[in-house]
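Structure record follows, encoded as structure tokens.
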Amino acid sequence: MSPGMGRAAIVTGASSGIGRAVALELAQGGWRLGLVGRDAARLAQVAQECGGDVRIGAIDMQDTAAFASFVADFGAVDLFISNHGILDGRREGQMVESAEVARDVVAINLQSVIGALHAVLPGMQARGKGQIAIVSSLAGLSPLPDAPAYSASKAGLVMYGLSLREALRGSGVGVSVCCPGYVATPMGGEHLGNRPHEISAQDAARRIVRNALANKRLFGFPAPLWPMALFSLLIPEGLLRLFNGDLRFTVAKR
């Protein structure tokens with residue numbers, strides 16, 4: 001029997017990019033799926049590509065009550081992959097991102113994720129089993145000068161996820177934190193600078209699913225960037241600037 005048979009997963013940010021690729025990866029394993037995103041039409045298309053037992057929810061993840069209702073209607077969740085978020089930073093002509101951009105990024109990338117986790121956790125704790133995978137970013141370990149709030153939100157996910165994992169130790173609920181580097185996705189395409197060692201969304205999805213199901217504490221990719229990100233705070237500032245290069249962002253398309 002396929003490893004996913006009889007098990008259920010919810011994936012947020014599932015209408016495109018990494019989320020879509022994760023949904024397709026799980027569908028191949030026979031998982032029952034709950035796919036959440038903001039674009040109903042794109043979600044329907046992903047559901048059609050997945051086939052099988054799929055429920056979709058066109059939800060703004062800042063609406064915690066709407067997501068909690070979706071979770072309650074979906075039923076038992078064996079795997080929750082929190083993948084939603086936005087990429088934004090300073091715009092053309094700016095030295096620092098605006099306060100409005102910073103607030104939006106933190107609200108969506110960090111606060112709404114925490115809200116989503118607490119919508120899923122009670123059911124997993126009650127059953128004494130389940131796995132959570134939080135998709136952060138290498139920027140959460142090696143911050144981007146053009147996107148302070150994005151970097152901070154991703155760093156917050158790393159720390160929250162690792163703390164939650166320890167808090168849940170022995171409960172039967174596992175937590176994994178994933179830190180991808182550059183992935184070829186529509187959101188990633190908003191980055192105008194260099195994109196070293198970029199991988200496909202399909203490759204990223206395979207790594208996320210495999211490591212989450214193995215209950216890996218913290219993992220990232222690709223290999224050349226992952227160890228550098230882990231030690232970035234110890235790297236001399238001059239070398240770090242050379243590594244970062246000319247990083248610029250366009251307006252995030254929302």
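Where a number appears in this text, it was derived from the coordinates with a stated rule and is not lab data. Note that the structure is predicted; figures quoted are calculated from it, not measured. As a convention, Cβ positions derive from the backbone with ideal geometry for all residues, glycine included, and neighbour counts pool all protein chains shown.
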Treating only the Cβ of Lys, Arg, Asp and Glu as charged (+1, +1, -1, -1), what charge dipole size does the chain show about its Cα centre? Round to the nearest 20 debye. 620 debye
For segment 13-65, what is the largest minus smallest coordinate of the Cα atoms on each principal axis, given in angstrom and ordered from greatest to least? 30, 19, 17
One would report the antiparallel percent of DSSP beta bridges in the chain, rounded to the nearest 5, as 5 percent
Check Val175: other-chain or 5+ apart residues with amide H under 5 Å from its amide H, H built from backbone geometry? Ile132
Relative intensity, log₁₀ I(q)/I(0), of the chain from a Debye sum that treats every alpha carbon as a point, q = 0.08, 0.10, 0.13 Å⁻¹: -0.29, -0.46, -0.78
Averaging the inverse of every distinct alpha carbon separation and then flipping it gives the Kirkwood radius. What is it for segment 33-183, in angstrom units? 16.4 Å
Just to check, using Stokes-Einstein with a Kirkwood Rh over alpha carbon pairs, what's the diffusion coefficient of segment 20-115 at 10 °C and 1.306 mPa s in µm²/s? 106 µm²/s
Please list, short to long, the whole-number percent of alpha-carbon pairs of segment 139-181 in consecutive 5 angstrom bins beginning at zero. 6, 24, 25, 18, 12, 9, 4, 2, 0
Could you work out the helix-only [θ] at 222 nm for the chain, with each DSSP H run of four or more residues adding -39,500 (n - 2.57) and the total divided by the number of residues, to the nearest 500 deg cm²/dmol? -12500 deg cm²/dmol
Ranked packing of 108-115, 49-56, most packed first, by mean Cβ within 10 Å: 108-115, 49-56
How far, in degrees from 0 to 90, does helix 40-50 lean away from the longest principal axis of the Cα atoms of the chain, to the nearest 10? 70 degrees
